[in-house]
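Working notes, structure below.
The values are calculated or read from the model by the stated rules, or taken from the named source; none is laboratory data. Because the structure is predicted, anything quoted here is derived from the model rather than measured. So basically every Cβ, Gly included, is an ideal-geometry build from the backbone, and we count neighbours across all protein chains shown. All accessible areas refer to the heavy atoms of the entire protein, side chains included, with ligands and DNA or RNA removed. Shrake-Rupley method; radii C 1.70, N 1.55, O 1.52, S 1.80 Å.
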Amino acid sequence: MNGMEPILLQLRYGIPLNPLPERRARDQFLPHAPVRVHNLSGKERTLAVKNALRYFPPHLHNTLVEEFAEELDTYGHIYMYRFVPKMRMMAFHIRDYPARCEQAAAIMLMICNNLDPAVAQFPEELITYGGNGEMDETQTLAIYSGHPMGLFPSHPDAPRAVITNGMVIPNYSSRPDYDRMFALGVTMYGQMTAGSYCYIGPQGIVHGTTLTLMNAGRKYLNVDDLRGKVFLTSGLGGMSGAQAKAAVIAGCVGIIAEVSREALAKRHGQGWLMEITESVDECIERTRCAVREGRSVSIGYYGNVVTLWEKLVELHEKTGEVVVDLGSDQTSCHNPFNGGYFPVQLSYEESFVMIQENPERFKELVQDSLRRQVNAINYLSHHGMHFWDYGNAFLLEAGRAGADVYRNNSKSEFVYPSYVQDIMGDIFSLGFGPFRWVCTSCNAQDLAVTDAIASEALTALMEENVSSATAAQYKDNLKWIRGAQSYRLVVGSQARILYADAEGRMTIAVAINRAIARKAIKAPVVISRDHHDVSGTDSPFRETSNIYDGSAFTADMAVQNCIGDSFRGATWVALHNGGGVGWGEVINGGFGLVLDGSEAAERRARTMLHWDVNNGITRRSWAGNANAQDTIKRAMRQDPKLRVTIPAPVSDDILKKLES
């Protein structure tokens, strides 16, 4: 390809074997995944090492066998740190990648962006196994939980890659099962977008977090303007790094607690976090000052959020002051006992030691910390603060720990709402969700052109005859995209996120494709979405928590979504067990589609995006959601070939007969 970067030539050769790289320790200047305890039997330990060695020719096995066994015993998984690439992992111009087709180059670009230390939370624990061979447009790559099974003959309209992560037999989808299989090297947790090669750093949820805060203000505080209001939460690693930026964009004061100094420094250095303090008292005083002055500011508290919650309780008991208006939590509570949640009784460093040396005691401390956190939240909520669950399994794990989070001791209904169920559910049911695109030129000017295209498209759509609820969403998102450049959201690749419905996504995608054709955009654009969307995810404690026909625990929608995208034009598709709320708790799927300016790309975008959204609208309509029924009826009027089943209305009076 033209302009090939010499450093990218090494991608042609797969895993470096001749010469074998020197053994190396992991980079101590990078954040790392928590150390795991594998609990494998002696026979299973041997099998895990054997599974890792099969990537290498037999003459290297004697060199690697003890090294891999040591990694397994030290970290709970064989990461093969010896083979961490020496090149800087980041998104390069698409034409710098050694590839026979642009679709293959786009996949490599997206993988490299996922591995960029500026984007990835734990870059050295993200493993992409290499292999020799170059894909052309008549082949499809099969990826099983990170392992490239091989290139198989297909055809130009087929996906170039089909990715699955963690897809195990349902009866073996518990956490102990996962820990065992992950240690054996036979499955992995794909999360959501990263496992589909579509992770764009904290920008990936910043728009959704902003919308959540704005709508929380409207719903709970009855205000459209959040100036002078305070939002308290925790977590700045990975996707939760979006919270600081979202709070400022929404106009409030955001307090974000974080126990990792590296995460705080990273977000502060990227401009996503404005201030840092290690003092609880100083944090509260800075908050008061910002409220008095009407400033929007994000304050990172270096410490445990439980300390902060309990300090606010103490303050109210002494003075009657309620500092915080809105509260939530974005720690990784779907993985609370392996570094997703750090107990208040231990320092960050002490936690890592105990996870490895005494995991049972660590679990006890986590659950005690969760109970303490809930006690403080309950107290402040009783005195006017509004709290919601951010879909990170916080309430689920707190309930399992014995915290007082259930309504009327039901063990099935939480006293606090889920942000999807109570805030974002109606937005999904209208068809709006996190549409994304990545400019493969890595050129900021190309991104600016796409922003202008999206703005023009939404302006035109607002003039159509749509419902007031849909028009309001267009208005909110038009305001967002017009301010996107000023928000300085880009981390890694030149990417953007925008909540849009099916009509909006198709209109924007077609306009971008045509701009590529006339050279107004200098290289292809990859479109995708967050799996946290209308159709992509079946998650009973988050995305589908507002499905009330009893089907919240079924996963037909996500699986159908992935299959349907695959034959409607997606460049690659992915399906995962786990992501966001934990292993065994969710099935989610995603896609990537390359817009290259061709008529074929336009056809694929129209066909695939129409299905990708309306699949989920139909499921929500069938479950009885009024917004979804209105939306799918509008879609059927626009396209006569779309015919879906509308549920017959059932009178409550009829059902009352069953109560007698």
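Remarks
- Dipole-positive endmost among ASN51, ALA33, ALA105 within the stretch 20-114 (Cβ charges, Cα centre): ALA105
- Using a probe of 1.4 angstrom and keeping all protein chains present, the accessible surface of the chain works out to 42 square angstrom per residue.
- Taken over the stretch 83-123, the convex hull of the Cα atoms encloses 73 Å³ per residue.
- Taking 0.692 mPa s as the viscosity and 37 °C as the temperature, the Stokes-Einstein diffusion coefficient of the stretch 152-233 based on its alpha-carbon Kirkwood radius rounds to 192 µm²/s.
- Computed over the alpha-carbon atoms, the stretch 40-114 gives an Rg to Rh ratio of 1.13, Rh here being the Kirkwood radius from the mean inverse distance.
- Residue-averaged [θ]222 nm for the chain, counting only DSSP H segments that reach four residues, each worth -39500 (n - 2.57): -12500 deg cm²/dmol
- Spread of Cα-to-Cα distances over 10 Å intervals beginning at zero, given as percent, for the stretch 407-469: 16, 28, 26, 18, 10, 3
- Along each principal axis, Cα extent of the stretch 275-324, largest first, Å: 27, 23, 13
- Every Cα-Cα pair in the chain was counted, and those over 49 Å apart are 11% of them.
- Per-residue 3J(HN,Hα) values for the stretch 626-634, derived from phi via the Karplus relation 6.51 cos²θ - 1.76 cosθ + 1.60 with θ = phi - 60°, read 5, 4, 5, 5, 4, 5, 6, 5, 4 Hz in sequence order (x marks Gly and Pro).
- Over the stretch 1-148, volume per residue of the alpha carbon convex hull, in Å³: 126
- Accessible-area order (highest first, 1.4 angstrom probe) of the listed residues VAL306, VAL65: VAL65, VAL306
- Kirkwood estimate for the stretch 204-290, i.e. one over the average of 1/r between Cα atoms, Å: 13.2
- Within-14-Å neighbourhood charge of GLU585 [Cβ basis; K, R +1; D, E -1]: -2
- Note on the stretch 136-291: dipole from Cβ charges, positive end direction compared against ILE200, VAL186, ALA142; the farthest Cα belongs to ILE200.
- The share of Cα pairs per 5 Å bin across the stretch 247-287, counted from zero up to the longest distance, runs 5, 21, 31, 26, 15, 1 percent.
- Mean-position separation - Cα centroids, the stretch 275-335 and the stretch 39-54, in angstrom: 46
- Counting all C-alpha pairs of the stretch 1-59, share separated by more than 16 Å (%): 71
- Overall, the ratio between the Cα radius of gyration of the stretch 376-415 and 2.2 N^0.38 Å, rounded to two decimals, is 1.13.
- Dipole in debye (nearest 20) - the chain, about Cα centre, beta carbon charges: Lys, Arg +1; Asp, Glu -1: 1160
- Cross-link table LYS266/LYS522; LYS50/LYS363; LYS86/LYS266, entries beyond 27 Å C-alpha to C-alpha: LYS266/LYS522; LYS50/LYS363
- The Rg/Rh ratio of the stretch 60-103, with Rg taken over Cα atoms and Rh as the Kirkwood radius over Cα pairs, comes to 1.21.
- Structural descriptor for the stretch 457-588: relative contact order 16 percent, calculated from alpha carbon pairs under 8 angstrom and at least 6 residues apart.
- For the stretch 442-481, the alpha-carbon coordinates run over 37, 15, 11 Å along the three principal axes, in decreasing order.
- Where N is the number of residues in the stretch 613-660, Cα Rg divided by 2.2 N^0.38 Å: 1.41
- Accessible surface ranking that places the most exposed of ILE94, ILE276 first, with a 1.4 angstrom probe: ILE276, ILE94
- Global geometry of the stretch 83-153, whether rounded, prolate or oblate, following the gyration tensor of its Cα atoms and the 1.5 cut on a/c: oblate
- Volume per residue of the convex hull around the Cα atoms, evaluated for the stretch 274-384, comes out as 109 Å³.
- Expressed as a fraction of 2.2 N^0.38 Å, the value expected for a compact globular protein of N residues, the C-alpha radius of gyration of the stretch 146-198 is 1.36.
- Taking every DSSP beta bridge that has both ends in the chain, the antiparallel portion is near 50%.
- Distribution of pairwise C-alpha distances over the stretch 319-471, 5 Å bins, in %: 2, 8, 12, 13, 12, 11, 11, 10, 9, 8, 3, 1, 0
- Aspartates and glutamates with Cα under 13 Å of LYS479, excluding same-chain neighbours fewer than 8 positions away: ASP451, GLU456
- For the chain, averaging the sequence separation of C-alpha pairs within contact (under 8 Å, six or more residues apart) and dividing by the residue count gives a relative contact order of 14 percent.
- Using only alpha-carbon positions in the stretch 295-346, the gyration tensor eigenvalues give semi-axes of 24, 15, 10 Å once each is multiplied by 5 and square-rooted (largest first).
- Amide H contacts under 5 Å for PHE387: GLY327, restricted to partners 5 or more places along the chain or on a different chain, H placed in the peptide plane at 1.01 Å from N.
- Approximating the spin labels as points 7 Å out from Cα along Cα→Cβ, the HIS59-to-THR74 distance works out to 2.7 nm.
- Alpha-carbon gyration tensor eigenvalues x 5, square-rooted, for the stretch 500-540, Å: 27, 11, 5
- Alpha-carbon spread of the stretch 87-236, three principal axes, descending order, Å: 58, 43, 33
- Overall, the accessible surface of the chain at a probe of 1.4 angstrom is composed of carbon and sulfur to the extent of 51 percent.
- Spatially, the stretch 339-404 and the stretch 85-161 are offset by 38 Å when compared through their Cα centroids.
- Dipole of the stretch 273-335 computed with +1 at Lys/Arg Cβ and -1 at Asp/Glu Cβ about the Cα centre; of ASN335, GLY294, LEU315, farthest Cα towards the positive end is GLY294.
- ARG488-ALA460 FRET efficiency (beta carbon distance; Förster radius 41 Å; 0.05 resolution): 0.90
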